[in-house]
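Accompanying notes for the structure given below.
The values are calculated or read from the model by the stated rules, or taken from the named source; none is laboratory data. Keep in mind it's a predicted model, so treat the numbers as computed, not measured. Glycine also receives a Cβ, built like all others from the backbone with ideal geometry; neighbour counts cover every protein chain displayed.
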Amino acid sequence: MKFQFLHLAFLLLILYSCEKTNTENKPNILIINVDDLGWKDVGFMGSEYYETPNIDDLSRQGMIFTNGYAAAANCAPSRACLMTGKWTTRHGIYTVGNSQRGNPKHRKLIPVVNTTTLSNEYEIIPEMLSNHEYITCHAGKWHLSKDPLEYGFTLNIGGGHNGHPQSYYPPYKNINIKEIYEDQYLTDLIMQKSLEFIDTVSKPFFLYYAPYAVHTPIQPKNNLLNKYLEKPVSNGQSNAKYATMVENLDRNIGLLIAQLKEKELFDNTLIIFTSDNGGLYGITKQAPLRAGKGSYYEGGIREPFFFVWKKRIRENTRSDIPITNLDIFPTIMNVIGMADDESKYDGLNLIPILEGKKDTLLRPLFWHFPIYLQAYKKNENENRDPLFRTRPGSAVRFGEWKLHYYFEENEMELYNLTKDIGERNNLAIKRPEKLKEMFYYLRKWWDTTNAPLPTLVNPEFEQ
């Protein structure tokens, strides 16, 4: 009897040890999703005006994707796509607030009704990780509901339905967070609380670090301003106030990485760095890319994008394979060993590419925007027309080719991104067969995802 008891105790000890070892071996996961940071707003992508030494150093410790995309050109839909791993046509979030943006007399079609709160029917990244023994923290901008704690996060630092702060200096007004010091900059406060979270964790963690920076309002870190006022313009980048926000963001990310290394967590942490959409045109520029935030030209959807994981991703590697933030969810699933059905997601697992086992990924990428988004500045933009950043349309990229389709007049634009990354030379007439092929992919995708197509004429429209 005594022997049986000891034998049972020994088995329980083994099971406990195995469970503990499995938990300890799970990688920590850090997503850095910056707000409105453009493709060339960082040094590792070629900026000579903005200074991002910490982000640049981090990027060199993993794989950079030069063709990394957001699944939407503005905040809320892009974040919904990242969190669900699904196209906008699945969750119905296309923009922020009302879909009828701009003057009614300029809108030929009645836009599709927009969804503003992410439905609880979707299991999102923090919920999935919580179910696998992760402690989960949201830090910064949420923008998908009133409370991220209802979506699988254990801790919420300043996240709500708001898309940006009313002020980066206290009182922050619409940010549900208590300021620590009288003059503490919001980005610094959110990082301070993120570091406190890292200090307390004793099991695998997921940190979704989504700072409100560098979204408007453009409020500088004053101690950095003079340096940028004295710097010469570089490739269209010259906004000194915005530059201080970028550098301060970089400083905070440096603090986060230093903390991970100090606590010996860095080597077993998968780090994903990206932005939710392109830079705000008029504040920053992404030349040679065309346009910016809100546009489905490359400047509105192509992002700085890299992955770091010391244990599995080789340092100083770059890839030209087109990827999207839809790929983050299935990649994380693979990392934690989930034998789930990846066909439930619209992205793909990137681990074979990140580990150097695969160097191609031939699949079309799609964007759908069946609504209107007004221009910020009529006289300074690179959009299709001066009134709207985007009119109702869809886009598809497959290989080196990209097609834009516009619902108002059923017009199309076709570009070869290898030869024309700036999307200046429309080949729709010169390459009719390629146009037909790309449009076929788009129509098939509309059918597959049951995409809502705007067809009703707006009675307020003036010719």
Of all residues in region 168-189 being of a type in the set (Val, Ile, Thr) and without any contact (Cβ under 8 Å) to a residue 60 or more places away in the chain, the one that is farthest from Thr216 (Cα to Cα): Ile180
Taking Pro170 as the residue in question, decide whether it is at pLDDT 95 or above and either out of contact with any Pro (no Cβ under 6 Å at 6 or more places or on another chain) or among the polar types (S, T, N, Q) (or both). no
Residue list for region 29-68, filter: of a type in the set (S, T, N, Q) and part of a helix (DSSP H, G or I): Asn54, Ser59
Read through the list (1) among the hydrophobic types (A, V, I, L, M, F, W, C); (2) part of a loop (DSSP other than H, G, I, E, B); (3) touching a Lys or Arg at 6+ places or on another chain (Cβ under 6 Å), then give the number of the only condition that Val96 fails. (3)
Residues of region 229-270 being surrounded by 15 or more Cβ atoms within 10 Å (Cβ to Cβ), part of a helix (DSSP H, G or I) and among the charged types (D, E, K, R), which ones? Lys241, Glu247, Asp250, Arg251
Quick one: Pro330 ticks every box in (1) of a type outside the set (Asp, Glu); (2) out of contact with any strand residue (DSSP E or B) (no Cβ under 9 Å at 6 or more places or on another chain); (3) outside the structural domain of Pro111 (by TED's automatic domain parsing) bar one, so which box is it? (3)
Strands (runs of 3 or more DSSP E) completely within region 384-441 that count 1 or more residues being without any contact (Cβ under 8 Å) to a residue 60 or more places away in the chain and of a type in the set (Asp, Glu): 411-416
Top-ranked residue in region 424-463 [being touching an Asp or Glu at 6+ places or on another chain (Cβ under 9 Å) and under 25 Å from His106 (Cα atoms); ranked as surrounded by the most Cβ atoms within 10 Å (Cβ to Cβ)]: Pro454
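To keep it simple, each residue is scored yes or no on (1) at pLDDT 95 or above; (2) assigned to a loop (DSSP other than H, G, I, E, B); (3) outside the structural domain of Ala213 (by TED's automatic domain parsing).
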| site | (1), (2), (3) |
| --- | --- |
| Lys146 | yes, yes, no |
| Asn162 | yes, yes, no |
| Ile175 | no, yes, no |
| Ile180 | no, yes, no |
| Gln184 | no, yes, no |
| Ile190 | yes, no, no |
